[in-house]
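A.B. asks: Structure incoming, see below.
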Amino acid sequence: MDTTQLLKGVLDLAVLAVVDEEDGYGYDVVRRLRAGGLDDVGDASVYGTLRRLYAAGALTSYVVASESGPHRKYYGMTPLGRAQLKSQRDDWVHFSATVTHLLEGAHT
Amino acid sequence: MSDTIRISPEVDVFVQAVHAHFADLDPDEREELLGGLAADITDLVDEHGPGALGDPGAYAAELRAAAGLAVTRSRRGHILPASPKVDAVLDNMRAEWERLATALPGDAWGFLQSVRPFWWLVRAWVAVQLIDLAWGNGGYNAGLDVIPSLRWLGFPLLVAASVISVQIGRGKLWSAPRRGMRRVALLLLNLFALALVPAVVDNLVTTAKVHSWYGGYLTGSAPQEPGLSLNGRPVRNIYPYDAAGKPLVGVQLVDESGRRLGADSWAFEWGSPRTVPWMNGRTEAWNVFPLSEQPTRARNGRPTGDPSQPPAPYAVLPPVTLTGVTPSDLVVPEPVTRGREDRSGPTGGDRSP
């Protein structure tokens, strides 16, 4: 099964969860998502998601200056982001339980 | 992971190419979306090598989709920034410029950024002044007013141009969609305006200039052609009188430097008398007075009749004296001499005592 489609639905949640652990810049978030098992996640998708969540007020952002290279843009959680994470996490638990239940029912 | 990263050329090219796909966004939006991208791509390349860089177009499309932006598509179905190459070049130039500018000491770039609105007003002003220069006062070499005249249109035009210029500066006009050629045009117009600021300022009417012109007006009204003048008006003839107040004929005049007072010839209007000089052998002597005069025809200016000595304006003048100075002792010329030197008119002269 193509997990990309599945991933699209939960990328916001996954990104929020990773940033909630610790502030991070784009590629750092990508790396942590992959380390967490989401191997197929696309860099650009993560960057786009970070920007969208920022624009929606779920994330805050700050630039860490660099003297000899490009500045890094770090993202951190806002209260709105935490609330969104909690709500989406609950939804996900409920949803996945439901789907799991369905699947187990279909299997038996 | 180090925070100090250098951008490798392949990363730079890739990032610029991605930037070009966001040409429809205004600069702030673009910075919000793409700020930090170079650092992220640098990390990617550090970890997986340049081969990890795929197609910038596909990358941009994925980024746009994930960020919730509309994907712009051309009729051919490609994701299309209007002029990707031009935009990429301009973005490159801008990035390079900002890199150089931010390196200036004393936050000079920050200062310049703060005075940008001033430049928006200046370029509007230059634009209206150019119109004035082409079709208004400036066109008649009359100089430019600080508020362009252009009859009553100058001020409203200036206000309109200022509003347009500021809106362009704020990215509210012209920039969206930010197509490559429009950016080039804007850049060229800015440079053009910048280059013309000195010319416009130079053409402004200042108090000093008005004074200088007025002075020029006064001196300019004096005849520039050789000859004698009094208070700016040409003197056609001179009538000398001696100390006793009697008219003299045939007086040679020179100035303190020995220059002969008089002109080589006298301009005359058709119908007015023309002057005829005395002669020194075959040489005309225009510094000997009174000059003879000869009437001319109003129709063609040709002399008519013989030259003759014009009557002096006064038969006599009051006698004059100066302490310690003895006036010249004059000899009245013989009538026979006048007959012999008919062409030159009557002779006369002073003889030093």
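A.B. asks: Need one number: nm distance between label points at B:Val254 and A:Gln5, each 7 Å from Cα along Cα→Cβ, rounded to one decimal.
C.D. replies: Spacing of the two 7 Å Cα→Cβ label points: 11.8 nm.
A.B. asks: Would you work out if the range A:4-106 is rounded, prolate or oblate? Take a ≥ b ≥ c from the square roots of the eigenvalues of the alpha-carbon gyration tensor; rounded if a/c is under 1.5, else prolate when a/b is larger than b/c, oblate otherwise.
C.D. replies: prolate
A.B. asks: If I build a Gaussian network model for chain A, linking alpha-carbon pairs within less than 10 angstrom, which residue out of A:Ser96, A:Ser87, A:Ser61 has the largest mean-square fluctuation?
C.D. replies: Maximum fluctuation in the GNM of chain A, among the listed residues, is at A:Ser96.
A.B. asks: Cα to Cα, under 20 Å, and not fewer than 8 places away if on the same chain: which aspartates and glutamates meet these conditions relative to A:Lys86?
C.D. replies: Straight-line reach from A:Lys86, under 20 Å: A:Asp12, A:Asp20, A:Glu21, A:Glu22, A:Asp23.
A.B. asks: For an R0 of 45 angstrom, estimate the FRET efficiency from the Cβ-Cβ distance between B:Gln113 and A:Asp20 and round to the nearest 0.05.
C.D. replies: Efficiency, from the Cβ-Cβ distance: 0.80.
A.B. asks: Sticking with this one: Determine, from the Cβ-Cβ distance of B:Arg302 and B:Leu189 and an R0 of 56 Å, the FRET efficiency 1/(1 + (r/R0)^6), rounded to the nearest 0.05.
C.D. replies: 0.35
A.B. asks: Toward the positive end of the charge dipole of the range A:4-106, about the Cα centre and with charges on Cβ (Lys, Arg +1; Asp, Glu -1), which of A:Ala65, A:Gly36, A:Tyr47 goes farthest?
C.D. replies: Selected residue: A:Ala65.
None of the figures in this text is laboratory data; all of them are computed from the coordinates on show. It should be emphasised that the depicted structure is a prediction, and the values quoted were computed from it without experimental measurement. Here the Cβ is made from the backbone with ideal geometry for all residues, glycine too, and neighbour counts use every protein chain on show.
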